[in-house]
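Notes for the one structure printed next.
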Amino acid sequence: MALQGNLRDFSISDIFQLIGLQRKTGVLTLKSRDDVVLITFLDGRVVDSESEKYRLESRLGKVLLKRGSISEEKLGQALKIQQDTLQRLGYILVKNSFISNEELKRALTQQILEIVYRIFRWHEGEYNFSQETSVEYDRESITPITTESILMEGAQMLDEWPIIERQVKSMGQVFEKASIRQRVEVSEEENFEFDDSQAEVRAPKGETIKLSPAVHEVYALVDGRCTVTELVERSRQNEFQVCKALYELVTRGLIEEKHEKPSEMAATPSVEEVLAAAAPPAPTALVLPLIILAAVFLLGNWVRFVNPLNRLTSFATKGNLVDVTLYNVSFARMHLVDRALQAYYLANATNPPALSDLARAGFVHESALQDPWKRAYMYHKQEKNYYLIGRDENGERRTELLFTYILSEGMDKKLGAPAKRPVVTFVD
C-alpha cells in the first residue's frame, strides 16, 4: 500500500483510520519542522512510537515518578545499572522488582499515547507509511492499542484544543491563584461542562468550590512560578489533561495569568546590563549586529545631535538614558518578531497560534519574545492579519510600539506584500 503525502491533503485521523481498517503492519513516519515521529503498527494497532524530540526511554523514569510507581532513590539505582550494562530501563526495573510488569505496561502505554496525541495537532508535515511483513517491539511490556480508541480520544482533543488555547496560549505561561474567599475542595463528581463559552462559572460568595480530583491536583500545583510545561512535568496527568484543567480554573476565576508588577521588577539596570538586554542569545550571525545596534542606540541617546538612528528613536526621547535605551531596544526586538511573523505566514499560509510557535519553528530566538522589562509582547491573531503590541517602561501601551500585517485584496493567494499599516488607537 502506497501511503505518502502532505498532512494538508490527508489528515492524521484519515491516515490512522485507513491503517486500522485495513489492519496493516508497518511503520508510519511523520516529519514536521520541529520533530520526526515514527509510529509502529501491528495488524492495524499501535505498538510503539518514537520521537526525536521526546525520547520514550528518557521519559520513562519521569512518568513512573509522576505516577508514584517508584522512588527517586530506586530510579537512580536503575539508571546506574543501565549505565553499566546498557540494558533497557524497563527490563532493569522489572528484573530488580523496582516495579511490576503491569505498572511498566501502563507507563509505556501512557508514553506512546502522549507522543501519538501530539501529532494530532499537526497541520503541516510529510507522512510516509512503509508496509512490512513483521515489526519489532517489546512484546512483553507493550499492549497493542487499537486505532479506534486513539481516534476517539484524538477527536476530542482536536475539538477542545482551540478552545483551551484561548486561555492557555503557550507552554511558557505562568499562572497564580486568584484571591477568593471560598474554600476549594475535592469532589468525586465532574462539575464543569467544557464548552466554548467565554462566560465565567464562578461559585456564589460563601459557597464551597468543588473541583474534580484531576483539576484539584493541577490547582494545588499552581504557585505563580511554574510554567505550564513545568506543571505538566510535576503532574501525574498528560499535557492535554493539564491544559484542560488550567482552562477550567481560569474560566471559573480560580487562577489567573501572572503579570509582573512594577514593584516586582528588578532595580534600574546598569549600562552593561542594558547592552546585555539588547543582545539576547541568538544565532552566531546575529550576535554582533545586535551588539552594534545596542551600542549605537546608547551612544545616540547620549549625544542626540549625532545620533544616526534618529528616525527610529525620535519617538523615545523623554526619560532617563536607561529607560530611553531600553525602549528603543524593545522596538528593535519587535521589529525582529514582526519579520518572523511575516516569514511564518509565507511558509505556512497562516499566522502562528502564539508567539512561542515562532521560536519552536526557528524563525526567531525565544528571548526576543519579551521586552527588556521581561514582559511578553501582546499578540492578537486574526485570520489574515495580526497585531503585535508593546509597552513602555511604565507598562503603558504605545502606538509607536504597534506592528500589524494586513493582507491586501487578493494577496492572500499570492502571499505578497502587506497592505499599508493602519493607524490604531488603543481603547481600554
Could you check segment 193-209 and list, in sequence order, the residues that are at pLDDT 60 or above and touching a strand residue (DSSP E or B) at 6+ places or on another chain (Cβ under 6 Å)?
208, 209
Consider segment 354-378. How many of its residues are of a type in the set (D, E, K, R), surrounded by 20 or more Cβ atoms within 10 Å (Cβ to Cβ) and within 23 Å of residue 53 (Cα to Cα)?
0
Would it be correct to say that residue 75 is aliphatic (A, V, I, L, M) and closer than 18 Å to residue 136 by Cα?
no
For residues in segment 357-375 being of a type outside the set (A, V, I, L, M) and in contact with a strand residue (DSSP E or B) (Cβ under 9 Å, 6 or more places away or on another chain), which is farthest from residue 171 (Cα to Cα)?
373
Qualifying residues in segment 352-375 (those that are free of Cβ contacts under 8 Å to residues at least 40 places away in the same chain and outside any helix (DSSP H, G or I)) - the one farthest from residue 32 (Cα to Cα):
370
Six or more apart or on different chains, Cβ under 8 Å: which pairs go from a residue in segment 321-349 that's assigned by TED's automatic domain parsing to the domain that holds residue 378 to one that's surrounded by fewer than 18 Cβ atoms within 10 Å (Cβ to Cβ) and among the small types (Gly, Ala, Ser)? Could you list them?
327/319
Tally time: how many residues in segment 133-166 are of a type in the set (D, E, K, R) and either over 28 Å from residue 91 (Cβ atoms) or at pLDDT 90 or above (or both)?
6
Residue that is farthest from the chain's Cα centre (by Cα) [pool: residues in segment 207-219 that are surrounded by 14 or more Cβ atoms within 10 Å (Cβ to Cβ) and of a type outside the set (D, E, K, R)]:
209
What single numbered condition from (1) surrounded by fewer than 16 Cβ atoms within 10 Å (Cβ to Cβ); (2) not in a helix (DSSP H, G or I) fails to hold for residue 237?
(1)
Out of (1) modelled with pLDDT of 85 or more; (2) crowded, with 18+ Cβ neighbours inside 10 Å, the odd one out for residue 69 is which?
(1)
So if I check each of 231, 249, 254, which one is more than 20 Å from the chain's Cα centre (by Cα), closer than 22 Å to residue 185 by Cα, buried (at least 21 other Cβ atoms within 10 Å of the Cβ) and modelled with pLDDT of 85 or more?
254
Conditions first: (1) farther than 30 Å from residue 12 by Cβ; (2) modelled with pLDDT of 80 or more; (3) surrounded by fewer than 14 Cβ atoms within 10 Å (Cβ to Cβ); (4) not aliphatic (A, V, I, L, M). Residue 176 passes all but one, so which condition is the exception?
(3)
Assess whether residue 166 counts as being exposed (fewer than 13 other Cβ atoms within 10 Å of the Cβ) and in contact (Cβ under 8 Å) with a residue 24 or more places away in the chain.
yes
Being touching a residue at least 60 places away in the same chain (Cβ under 8 Å) and in contact with a Ser or Thr (Cβ under 7 Å, 6 or more places away or on another chain) is the filter; apply it to segment 98-123 and report the residue that is surrounded by the fewest Cβ atoms within 10 Å (Cβ to Cβ).
122
Take residues that are closer than 30 Å to residue 354 by Cβ and not hydroxyl-bearing (Ser, Thr, Tyr) and tell me which of the helices (runs of 4 or more DSSP H) falling wholly in segment 89-173 contain 3 or more.
101-119, 147-164
For segment 353-364, indicate whether the set of residues that are acidic (Asp, Glu), closer than 20 Å to residue 164 by Cβ and at pLDDT 85 or above is non-empty.
yes
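The values are calculated or read from the model by the stated rules, or taken from the named source; none is laboratory data. On a predicted model such as this, the values are computed, not experimentally measured, just so you know. Note that each Cβ is placed from the backbone with ideal geometry, even for glycine, and that neighbours are counted across all protein chains shown.
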